[in-house]
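**Student:** Below you will find the structure I want to go over with you.
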Amino acid sequence: MNRGFPDWIFRRLTGVVAWALFASVLSLVLGLLLVVVPVFLSGWDGQEGGSSPALDHRGSRLSLLLLGTATRTLLMSLAAIPAGILTAVYLAEYAPSGARATRILRWLVHGLAGVPSVIFGLLGLGFWISVVGVGLDRMAGDSAAPVWGRPGLLWASLTLAMMTLPVLVVSTEQALRSVPQELRLAAMALGATRLQVVMRILLPNAWVGIASGVVLTVGRAFGEVVPLLFTGAVAETQRSLALDEPFVDLAHQVFVLGTRSPEHPSSRPLLLTCVWVLVFLSLLFHAAAAVLRSRILRAEQDRL
Amino acid sequence: MALEAMPALFVRLGGLGTSTPISSRWNLISLGWGSVKVVMIALTVAIPIAIPAALYVSQVAPVRWRVWLKPTLELMQGVPTVVLAFLALWVLAPALQRAFGAPFLLNGMVAGVAVGLAIVPVMFSLVEDALSAVPREWFRSALALGATPWEAVRRVVWPAAASGIGAAVLLGMSQALGETMIVMMVSGNATLPGWSLWDPVRTVPVELALEWVGTARGSQRYSELFLMGFVLLGLSMALQGLARMIRIRNARQRGEVAS
């Protein structure tokens, strides 16, 4: 008893904490998905159920929000994914591995991968808008109203791309490194060039790992709001979607509507709908990445 | 590369003279103090949840439960922080006010607790990795020598994983330091330098996100914001770097190749 008591505490207490955490995470996620569904389908407390004009209005608002979010996520992916994969291939295969420059580059990339998103918002403002945007306006001539030198969809996407790039590089490099060295050496021994090794051996073998990293990173950027505050998300806009225009965004809308006064209940259905869609799609990204990762694990077990 | 953006930062910083007015220096101190308060509360909340949970999952739980526990807890990382902030604002803040009778609905305590809960999944996952990296045979050998599971964990597994756990705490801290959305929505956002944890606070990242709108390009305030951003960047890179250094050293001690 004397000796067993701390042991008993250890096993029970940690178990209680872990299972409580498990239960709360599960109920949080399921709660967000299930409890909000009735609201999603029928309006707040039945006050505006059925196919009222309010519901139609909500539907059209929602599609605008989704369009903005989809466009900025897509533009971001177009900019970040190829650059991220190329950088990772360079770091893993081409960069002289012992050189100081490579080591510093890798430290920087790893460090940047964990930098808070506000910083990237600030960098987007300071670089894309104040330097590139203002420069473009100046080149275009002496029009009084700024076209590019102000927050807009393109700058928001590029800022998000800047934010996701280091994370992509880190995860892709990890996937490339997990390809067995023997495969690389065998290909080299058969006379393959470096490019052939990368194209025929590394990318085919590592693509599942690369893809799971990409899906996870894009999913995280999808729900990210803070950089958009700096670079172009607005609460409402009358203009249509364009590269140089501010835009409405799903995740940003949760912030906008969530911080409105609770005495302002008319926006609640839209808010809850946004939350639901945001959580559902984020978890979809997460689940897709998990499925890919389980494929890697199985492949590794097969190889053993 | 994101590195391209660095010169812009330096150019902006060049505009920052040494003649900062006293009032804005005071402002910087209050903001820093706000950040310290929120990060400390967050760590106080997150560590006692994340570490026991990780101990259980990695050391006590049978494997068939472990395969369910870890992915479910990591599912939380997939929920966007705006959603967590929304929940903190609509559920946690009223609940805390009802329980403790705080004078303000939105205050530093709510922000700290919310951020703490938000960093639990990341911290749990990293601590669990650190504990699982200790060879299971060590634990079994200790049991074979007559140790109870608790003694085996405390004397064998914990010391071997301690630096990795330290790295996990540093990473959690860096995330709490940079957390913007949650703090912005539930902290009340007033720059107050007081001691009370139940006062509204404003942290450095929130200041950046709220203040840039009304700030003219090239003004003193503008370069001040970039200075704060730069300090935040430096701090979080330092924390990341330290954590990575620890992890690389650990991997090398185990004879693995670090990335």
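**Student:** List the number of the failed condition for B:Gln253; all other conditions in (1) closer than 30 Å to A:Gly98 by Cβ; (2) surrounded by 15 or more Cβ atoms within 10 Å (Cβ to Cβ); (3) more than 10 Å from chain A (Cβ to nearest Cβ) hold.
**Tutor:** Among (1) closer than 30 Å to A:Gly98 by Cβ; (2) surrounded by 15 or more Cβ atoms within 10 Å (Cβ to Cβ); (3) more than 10 Å from chain A (Cβ to nearest Cβ), B:Gln253 violates only (2).
**Student:** Take region A:206-250 and flag every residue that is among the aliphatic types (A, V, I, L, M) and touching an Asp or Glu at 6+ places or on another chain (Cβ under 7 Å).
**Tutor:** A:Leu228, A:Ala233, A:Val248
**Student:** So, of the residues in region A:1-34 that are at the interface with chain B (Cβ under 7 Å from one of its Cβ atoms) and surrounded by fewer than 13 Cβ atoms within 10 Å (Cβ to Cβ), which turns out to be farthest from B:Pro62 (Cα to Cα)?
**Tutor:** Ranking the qualifying residues of region A:1-34, first place goes to A:Arg3.
**Student:** Just checking, which of B:Ile22, B:Ile47 is at pLDDT 90 or above and either surrounded by fewer than 22 Cβ atoms within 10 Å (Cβ to Cβ) or facing chain A (nearest Cβ under 10 Å) (or both)? Outline the logic, then answer.
**Tutor:** Details: B:Ile22 fails: at pLDDT 90 or above.
Criteria check complete, one pass: B:Ile47.
**Student:** Right, something else. Considering region A:275-299 alone, what residues qualify as being at the interface with chain B (Cβ under 9 Å from one of its Cβ atoms) and more than 22 Å from A:Val208 (Cβ to Cβ)?
**Tutor:** Within region A:275-299, A:Val275, A:Leu278, A:Val279 qualify.
**Student:** Cβ-Cβ below 8 Å, separation at least six or inter-chain, first residue in region B:171-186 and more than 8 Å from chain A (Cβ to nearest Cβ) and under 25 Å from B:Trp90 (Cβ atoms), second among the polar types (S, T, N, Q) and part of a helix (DSSP H, G or I): which pairs?
**Tutor:** B:Ile182/B:Thr81
**Student:** Could you say whether any residue in region A:174-182 is surrounded by 20 or more Cβ atoms within 10 Å (Cβ to Cβ), modelled with pLDDT of 90 or more, within 13 Å of chain B (Cβ to nearest Cβ) and touching a Ser or Thr at 6+ places or on another chain (Cβ under 6 Å)?
**Tutor:** Our first condition is that a residue be surrounded by 20 or more Cβ atoms within 10 Å (Cβ to Cβ); within region A:174-182, this holds for A:175-176.
With modelled with pLDDT of 90 or more added as a condition, the list becomes A:175-176.
This time we only want the ones that are within 13 Å of chain B (Cβ to nearest Cβ), so: A:175-176.
Remaining after also requiring touching a Ser or Thr at 6+ places or on another chain (Cβ under 6 Å): none.
Checked against the condition, which is being surrounded by 20 or more Cβ atoms within 10 Å (Cβ to Cβ), modelled with pLDDT of 90 or more, within 13 Å of chain B (Cβ to nearest Cβ) and touching a Ser or Thr at 6+ places or on another chain (Cβ under 6 Å), region A:174-182 yields no hits at all.
**Student:** Looking only at region A:125-147, decide whether some residue is facing chain B (nearest Cβ under 9 Å), hydroxyl-bearing (Ser, Thr, Tyr) and crowded, with 22+ Cβ neighbours inside 10 Å.
**Tutor:** no
**Student:** Are there any pairs, at least 6 apart or on different chains, whose C-beta atoms fall under 7 Å, with the first in region A:120-140 and closer than 17 Å to A:Gly232 by Cα and the second of a type in the set (Lys, Arg) and assigned to a helix (DSSP H, G or I), and if so, which?
**Tutor:** Qualifying pairs under 7 Å: A:Gly126/B:Arg12.
**Student:** Considering every residue within region B:162-173, establish whether at least one is of a type in the set (A, V, I, L, M) and surrounded by fewer than 17 Cβ atoms within 10 Å (Cβ to Cβ). It would help to see each step written out before you state the result.
**Tutor:** To start, the set of residues in region B:162-173 that are of a type in the set (A, V, I, L, M) comprises B:162, B:165, B:167-171, B:173.
So of that shortlist, the ones also surrounded by fewer than 17 Cβ atoms within 10 Å (Cβ to Cβ) come out as B:162.
Yes, there is a match, as at least one residue in region B:162-173 is of a type in the set (A, V, I, L, M) and surrounded by fewer than 17 Cβ atoms within 10 Å (Cβ to Cβ).
**Student:** Among the residues of region A:95-106, which ones are under 28 Å from the mean Cα position of the chain (by Cα), surrounded by fewer than 16 Cβ atoms within 10 Å (Cβ to Cβ) and not aliphatic (A, V, I, L, M)? Walk me through it before giving the result.
**Tutor:** In the first step, residues of region A:95-106 are kept if they are under 28 Å from the mean Cα position of the chain (by Cα); the result is A:95, A:102-106.
From what is left, the residues that are surrounded by fewer than 16 Cβ atoms within 10 Å (Cβ to Cβ) are A:102-104.
Hits for region A:95-106 are A:Thr102, A:Arg103.
**Student:** Let me ask another. Kindly check whether there is at least one residue in region A:195-203 that is over 14 Å from the mean Cα position of the chain (by Cα), closer than 30 Å to B:Glu179 by Cβ and hydrophobic (A, V, I, L, M, F, W, C). Please lay out each step first, then the result.
**Tutor:** As a first pass, look at region A:195-203 and keep what is over 14 Å from the mean Cα position of the chain (by Cα): A:195-203.
Filter again for closer than 30 Å to B:Glu179 by Cβ, leaving none.
No, there is no match, as no residue in region A:195-203 is over 14 Å from the mean Cα position of the chain (by Cα), closer than 30 Å to B:Glu179 by Cβ and hydrophobic (A, V, I, L, M, F, W, C).
**Student:** List the pairs whose first member sits in region B:73-102 and is at the interface with another protein chain (Cβ under 9 Å from one of its Cβ atoms) and within 23 Å of B:Phe124 (Cα to Cα), whose second member is at pLDDT 85 or above and not in a helix (DSSP H, G or I), and whose Cβ atoms are under 6 Å apart, counting only residues at least 6 apart or on separate chains?
**Tutor:** B:Pro80/A:Gly223; B:Val82/A:Val225
**Student:** Those residues that are at positive phi and in a loop (DSSP other than H, G, I, E, B), I need them from region B:163-217; list them, please. Explain how you work it out, then say what you get.
**Tutor:** Step one: filter region B:163-217 for residues at positive phi, giving B:188-189.
Correct list: B:Asn189 only.
**Student:** For B:Leu117, state whether it is touching a residue at least 12 places away in the same chain (Cβ under 8 Å), in contact with a Leu (Cβ under 8 Å, 6 or more places away or on another chain) and either part of a helix (DSSP H, G or I) or more than 13 Å from chain A (Cβ to nearest Cβ) (or both).
**Tutor:** Working: touching a residue at least 12 places away in the same chain (Cβ under 8 Å): yes; in contact with a Leu (Cβ under 8 Å, 6 or more places away or on another chain): yes; either part of a helix (DSSP H, G or I) or more than 13 Å from chain A (Cβ to nearest Cβ) (or both): yes.
Spelling it out, B:Leu117 is indeed touching a residue at least 12 places away in the same chain (Cβ under 8 Å), in contact with a Leu (Cβ under 8 Å, 6 or more places away or on another chain) and either part of a helix (DSSP H, G or I) or more than 13 Å from chain A (Cβ to nearest Cβ) (or both).
**Student:** Now for a separate question. Please go through (1) within 12 Å of chain A (Cβ to nearest Cβ); (2) surrounded by fewer than 18 Cβ atoms within 10 Å (Cβ to Cβ) for B:Leu145 and return the number of the only condition it doesn't satisfy.
**Tutor:** (1)
**Student:** Of the residues B:Ala147, B:Ala152, B:Ala190, which is more than 20 Å from A:Pro6 (Cα to Cα), without any contact (Cβ under 8 Å) to a residue 24 or more places away in the chain and of a type in the set (Gly, Ala, Ser)?
**Tutor:** Numbers: B:Ala147 fails: more than 20 Å from A:Pro6 (Cα to Cα); B:Ala152 fails: more than 20 Å from A:Pro6 (Cα to Cα).
Result of the check over B:Ala147, B:Ala152, B:Ala190: B:Ala190.
**Student:** May I ask you to list the residues in region B:120-142 that are more than 14 Å from chain A (Cβ to nearest Cβ) and over 26 Å from the mean Cα position of the chain (by Cα)?
**Tutor:** B:Pro135, B:Arg136, B:Glu137, B:Trp138, B:Arg140, B:Ser141
**Student:** Among the listed residues A:Leu270, A:Leu228, A:Leu243, A:Leu283, identify the single one that is closer than 16 Å to A:Leu74 by Cα, in a helix (DSSP H, G or I) and either basic (Lys, Arg) or in contact (Cβ under 8 Å) with a residue 40 or more places away in the chain (or both).
**Tutor:** Details: A:Leu270 fails: closer than 16 Å to A:Leu74 by Cα; A:Leu243 fails: in a helix (DSSP H, G or I); A:Leu283 fails: closer than 16 Å to A:Leu74 by Cα.
When all the criteria are applied, what remains is A:Leu228.
**Student:** Does A:Val170 meet the test of being in contact with a strand residue (DSSP E or B) (Cβ under 8 Å, 6 or more places away or on another chain) and facing chain B (nearest Cβ under 10 Å)?
**Tutor:** Answer is no for this residue.
**Student:** Step by step: first the residues of region B:201-246, then only those that are facing chain A (nearest Cβ under 10 Å) and basic (Lys, Arg), then the one that is nearest to B:Lys37 (Cα to Cα). Which residue is that?
**Tutor:** B:Arg244
**Student:** Quick check on my filter: what residues within region A:234-254 are of a type outside the set (Val, Ile, Thr), under 20 Å from B:Met185 (Cβ atoms) and modelled with pLDDT of 85 or more? Talk me through it step by step, then tell me what you get.
**Tutor:** Our first condition is that a residue be of a type outside the set (Val, Ile, Thr); within region A:234-254, this holds for A:235-236, A:238-247, A:249-253.
After this cut, where a residue has to be under 20 Å from B:Met185 (Cβ atoms) as well, the list is A:235-236, A:249-253.
Result: A:Asp249, A:Leu250, A:Ala251, A:His252, A:Gln253.
**Student:** Further, regarding this structure: Being under 24 Å from B:Ala114 (Cβ atoms) and within 9 Å of another protein chain (Cβ to nearest Cβ) is the filter; apply it to region B:57-70 and report the residue that is surrounded by the most Cβ atoms within 10 Å (Cβ to Cβ).
**Tutor:** Taking region B:57-70 as the starting set, the residues that turn out to be under 24 Å from B:Ala114 (Cβ atoms) are B:57, B:69-70.
The next check asks that each one be within 9 Å of another protein chain (Cβ to nearest Cβ); those that pass are B:57, B:69.
Details: B:Val57: 26, B:Leu69: 21.
Once the filter is applied, the top-ranked residue is B:Val57.
**Student:** Out of B:Ala161, B:Ala190, report the one residue that is farther than 26 Å from B:Leu126 by Cβ and either within 11 Å of chain A (Cβ to nearest Cβ) or more than 16 Å from the chain's Cα centre (by Cα) (or both).
**Tutor:** Details: B:Ala161 fails: farther than 26 Å from B:Leu126 by Cβ.
Criteria check complete, one pass: B:Ala190.
The values are calculated or read from the model by the stated rules, or taken from the named source; none is laboratory data. Just so it is clear, the structure is predicted and the values come from calculations on it, not from any experiment. Here the Cβ is made from the backbone with ideal geometry for all residues, glycine too, and neighbour counts use every protein chain on show.
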